[in-house]
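First up is the structure itself, then whatever we jot down about it.
Every number in this text was worked out from the coordinates using simple rules, so none of it is lab data. In this text, all values refer to a predicted model and were calculated from it rather than measured experimentally. Cβ sites come from the backbone with ideal geometry, for glycine too, and all protein chains shown count toward neighbours.
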Amino acid sequence: MLHSQIHRKTLANGIVAIAIGNPSTDIMAARFFSRGGSRYDPTPGTGNLMASAITKGTANLSSMEIAERAESVGASLGTDVTSDYFLANLKTVSSDFGEMLALTSEILREPSFPAAEVELEKRLTLQSIRSQREQPFSVAFSELRSAMYGQHPYALSTLGTEDDVATLVPQDLHRYHRAYLRPDNLIVTLVGCIEPDRAIALLEETFGDWEASGLPTDLPPLPAPNTEPRRVGLAQDTQQSIVMLGYSAPSVLAPAHPDEPDEYAALKLLNTYLGNGLSSRLFVELREKRGLAYDVSAFFPTRVDLSQFVAYIGTAPANTEVALDGLQAELDRLVARPLDPEELETSKRKLLGQYALGKQTNAQIAQILGWYETIGLGTDFDERFPEAIEAVTVEAAQETARKYFSGTPYISVVGPEAAIEPVLGAAAVG
Amino acid sequence: MSDPFRTSTADPQLSSRLPANIYQRADGLTLIHQEIEAVPVVVTDIWVDAGARHEYPEDSGLAHFLEHMIFKGTDRLSPGAFDCAIEGRGGATNAATSHDYAHFYITTADRDFEATLPDLCDLLLRAKIPDDEFELEREVVYEEIAQYRDNPDDCLFAATMASLYPASAYGRPVLGTRDRLESLTPETMRQFHRQYYQPHNMTVTIVGNVSFDRARDALERHCTDFRPPASYRDDRPVSAPPRQTQICRDILELPNLELARLNLAWHGPGVENLRDGYVLDAIAMILSGGRSSPLVRELREQRQWVQAIGSYFSLQQDSGLFSISAWLDATYLQNVEEAIVARLAELHDTAIAPAVLERAKRQLCNDFVFSTETPSQLAGLYGYYHTLDRADRAFDYPREIATISPEEITTVARRYLATDAYTATIAICEPAT
């Protein structure tokens, strides 16, 4: 439905503009994506630091002047980097939109990365990296991610590591900015009360004279993870143990063969079946029937490169092994037997219903369409995805489960030493 | 038969401000309805004045535990059947409990409205609270508490509330404690349920692509036959918190802490004085709403003492709470506390510049627009305001904010935010053993 409402224009400098009108509220949302993301960080953490520092000075404006301009009209303007793309997001009431587009243009085109501001953001980033150790879930996930991804950049959080971030200087940010933030690598989505052609014209007025660099826009392939499943973990003085089970899973861009199952769609459905909502399999079996956890679920993120399928649970330290066995039994069950057709249909309705509910606000629509375009799926993936989900059969789901969940999983545990030792073996407790 | 619903807003000026309609049934149940044709969904959000503030101290955690048990079914619905019915249709459901309310919501496709409402009503009106499910679910709540205790910010918040509201339900954690929950019985929970899950305590908000007639008819058919009220115990009002007369400082030592926390808190008004609450919202925005605000500019950007700093006013029925929180290196705890107090003193002594006030107002009004975009946001807003006070107040917000004057900022800052009487809660890393 969204796809038919899209107004699309490629500006002369290469910016792809995608606009949708929504007259029901006085809100304009815009998102600016550049391809790349932290997976292309020359030094881990470069993209994130660039995103933090980019709003802190331009050729003409100081950090405070930028903040005052956005805050004086009550606009929200933020920047971020994920593993797969850089993002600036803007939200305003309609009357301020043009002025805020001009400010965003100045920030994205001519950041000055003042040395003092870069130093400040660097110090704050180092603190954030350390703060991740305060949450047992993020410690367990960080251990799992690094075991699974080895040499691949997905092994690290977008923040980078303390050692790497400490070496970054403004010159690194300028270089990264020049390489990735350029009109011929930019996708802009504009959603809201301003009529789409008018919104695109406003974009053209503010971004149209940004000259393309002419550099190639290819993104080179990344190193394979080259890892073997193993058990990792960290002893911490916590109330709960966190247990995670991880399996390598395909990229959303993995080529699909006509006579093979769409593995991405099948794994999205298996993830929904296991981990989505109060009626999901893990919730019912491990929480409702056995009282082992408050939080038990699964996730399978959509990734440009190799993804991961993770099931996790937070449980009482005394139940660490029982909970691990419980998670494992549910993954094994998907390999051993096909889902009932009714289970599959329920999972489809659940997944598609929630997919639709995730596109309610202007910002959500701007995010999903821009993201699809940026990672190479195209905005029509918004229509192809539900079709692919509908087409998954019980056979395809089981075949995919067999392919990905038959082997030994990667396991990560965090909790009190005595609780995690039986899982890891005494020598491995960090 | 006469229409059991009547419009409760007698003043047409008042009701016209709200894009929704408020109706009250003869038995006291309130329906707030807004039709939005542009979206193919309906959100039903049922708010119950059955929060933790009604608990006796020895039953701490009861209201929240009951929220879990509501989903364990009725004579007609087996445990989990409701979740399957909603989610199997592609809908979503969940619930939340605070000191002042419990609420339960479903989002479904518009065509599923009539099919799903009966089950939600059945759960809330006729929860069975089976003994064996009670025992099992208690383990789940213990895990919820354990997870909360592994989060330093949650621990700090609990300590602030305990210090600010001694001997009041607001001072006890909504989740309760293991000790209290261990001695709780299903029978006590059933009594609590039957006392508070009654029509006069309920606000049903229905927002989305459904007409008023459909909403009312479904409610008339299915939100009736309440259990006869039981007495959990004699209800009693929340005792007023003691006046803050000095600086009260608590220090928590937590394991695995990388950054220290500093939280300064003051009692604010309850719903009896919403106007002062709005002014405190503006003060929070003036103090720390963005990089150009004084606290962020001075402490994060210039002196570089904090990782982050923020402030907010949290409205509660009987006594709201204003707090300023900073994440920082422990070395700067004292400097930051002094700097915050100095900023407050400035608010007491110097009139706020009109431009600064205008900026804060614009930020607040835009935030209000941004937070009323979806049916679920609207349903939540109406239900929340009506449970604490009156739903039409929700849409007074932009107008109230617009009329705040510099003098009012000074008056309200002096009234609530004393520089020599507040509660400071500090978290530092526990020394290595």
TODO: Would you mind checking the tilt of helix B:212-222 against the longest principal axis of the Cα atoms of chain B, expressed as 0 to 90 degrees and rounded to 10?
DONE: 70 degrees
Open item on the list: I'd like the Karplus ³J(HN,Hα) series for region B:146-155: coefficients 6.51, -1.76, 1.60, θ = phi - 60°, whole numbers in Hz, and an x wherever there's a Gly or Pro.
Closed with: 4, 5, 4, 6, 7, 10, x, 5, 5, 4
TODO: Within a 10 angstrom radius of each residue's Cβ in A:282-294, how many Cβ atoms of other chains show up on average? Whole number is fine.
DONE: 4
Task: Cα Rg, Dmax (largest Cα-Cα span) when computed across region B:18-222, Å - done: 17.7, 50
Open item on the list: If I model a spin label at A:Glu110 and A:Ser213 as a point 7 Å from the Cα along the Cα→Cβ vector, what separation in nanometres do I get?
Closed with: 1.8 nm
TODO: Counting helices only, and only those DSSP H runs with n ≥ 4, report the 222 nm mean residue ellipticity of the protein assembly as shown as the sum of -39,500 (n - 2.57) divided by its residues, in deg cm²/dmol to the nearest 500.
DONE: -13000 deg cm²/dmol
- [ ] Kindly express, to the nearest 10 degrees and within the range 0 to 90, the angle between helix A:136-149's C-alpha long axis and the longest C-alpha principal axis of chain A.
- [x] 90 degrees
Task: Euclidean distance of C-alpha centroids, region B:409-426 and region B:26-52, integer Å - done: 37 Å
Task: Percentage, to the nearest whole number, of Cα pairs in region B:150-229 over 17 Å apart - done: 68 percent
TODO: May I ask for the percentage of alpha-carbon pairs in chain A that lie more than 41 Å from each other?
DONE: 21 percent
Task: Per-residue average of Cβ from other chains inside 10 Å of A:63-75 - done: 5
- [ ] Please work out whether region B:32-97 counts as rounded, prolate or oblate from its C-alpha gyration tensor, where a ≥ b ≥ c are the square roots of the eigenvalues and a/c under 1.5 means rounded, while otherwise a/b larger than b/c means prolate and anything else oblate?
- [x] oblate
Open item on the list: Once R0 is set to 45 Å, what does the formula 1/(1 + (r/R0)^6) return for the Cβ-Cβ distance between A:Val394 and B:Asn273, expressed as a FRET efficiency to the nearest 0.05?
Closed with: 0.15
TODO: Could you run the Karplus curve 6.51 cos²θ - 1.76 cosθ + 1.60 with θ = phi - 60° over region A:175-183 and give me ³J(HN,Hα) per residue in whole Hz, x for Gly and Pro?
DONE: 5, 5, 4, 4, 6, 10, 8, 8, x
Open item on the list: So for region A:2-207, considering every pair of alpha-carbon atoms, how many percent are separated by more than 32 Å?
Closed with: 22 percent
Open item on the list: Please compute the modelled spin-label separation between A:Asp380 and A:Leu2, points set 7 Å along Cα→Cβ, answer in nm with one decimal.
Closed with: 1.7 nm
Open item on the list: Placing one identical point scatterer on every Cα of region A:231-428 and ignoring solvent, what is log10 I(q)/I(0) from the Debye formula at q = 0.10, 0.12 Å⁻¹?
Closed with: -0.46, -0.65
TODO: Please work out the Cα center distance from region B:340-386 to region A:22-67, rounded to the nearest Å.
DONE: 25 Å
Task: Rounded tilt (10° steps) of B:406-416 against the dominant C-alpha axis of chain B - done: 80 degrees
- [ ] Taking a cut-off of 20 Å between Cα atoms, list the lysines near B:Lys128, but don't count ones fewer than 8 places away on the same chain.
- [x] A:Lys289, B:Lys72
TODO: Take the alpha carbon gyration tensor of chain B, find the square roots of its eigenvalues, order them as a ≥ b ≥ c, and report rounded if a/c is under 1.5; if not, report prolate when a/b exceeds b/c, else oblate.
DONE: oblate
Task: Hz values of 3J(HN,Hα) by residue in region A:381-394 - Karplus curve (6.51, -1.76, 1.60), Gly and Pro given as x - done: 4, 4, 9, 5, 4, x, 5, 5, 5, 4, 7, 5, 9, 4
Open item on the list: Expected output is a single nm value to one decimal: the length gained when fully extending between B:Arg399 and B:Ala432, i.e. 0.36 nm times separation in residues minus the C-alpha distance. What is it?
Closed with: 6.5 nm
Task: Placed amide H near B:Gly270: partners under 5 Å, 5+ positions off or other chain - done: B:Gly320
Open item on the list: Net charge around A:Leu278, counting only other residues with Cβ within less than 10 Å of its Cβ (Lys, Arg = +1; Asp, Glu = -1)?
Closed with: -2
Task: Cα-based convex hull, region A:319-390, per residue volume (Å³, whole number) - done: 155 Å³
Open item on the list: Out of the chymotrypsin sites (Phe, Trp or Tyr not before Pro) in region B:130-233, which ones are loop residues according to DSSP with at most 14 other C-beta atoms within 10 Å?
Closed with: none
Task: Proxy reagent accessibility, fewest Cβ within 10 Å first, across A:Arg281, B:Arg214 - done: B:Arg214, A:Arg281
TODO: Counting only C-alpha contacts under 8 Å and six or more residues apart, can you give the relative contact order of chain A as a whole percent?
DONE: 23 percent
TODO: On a C-alpha basis, how far is the centre of region A:94-168 from the centre of region B:134-167 in Å? Whole number, if you could?
DONE: 31 Å
Open item on the list: Taking beta carbons within 10 Å but only from partner chains, what does the mean come to for residues B:83-94?
Closed with: 6
Task: B:Gln307 long-range amide H proximity, modeled H, under 5 Å - done: B:Trp327, B:Leu328, B:Asp329
Task: Evaluated at q = 0.05 Å⁻¹: base-10 log I(q)/I(0), Debye formula over Cα of the protein assembly as shown - done: -0.28
Open item on the list: If I model a spin label as a point 7 Å beyond the Cα along the Cα-Cβ vector, how far apart are those points for A:Ser251 and A:Glu162 in nm?
Closed with: 3.4 nm
Open item on the list: Checking the cross-link filter: which lysines have an alpha carbon closer than 19 Å to that of A:Lys359, excluding same-chain neighbours under 8 positions apart?
Closed with: A:Lys91, A:Lys268, A:Lys348, A:Lys350
Task: Relative contact order (percent, whole number), chain B, Cα cutoff 8 Å, 6+ residue spacing - done: 21 percent
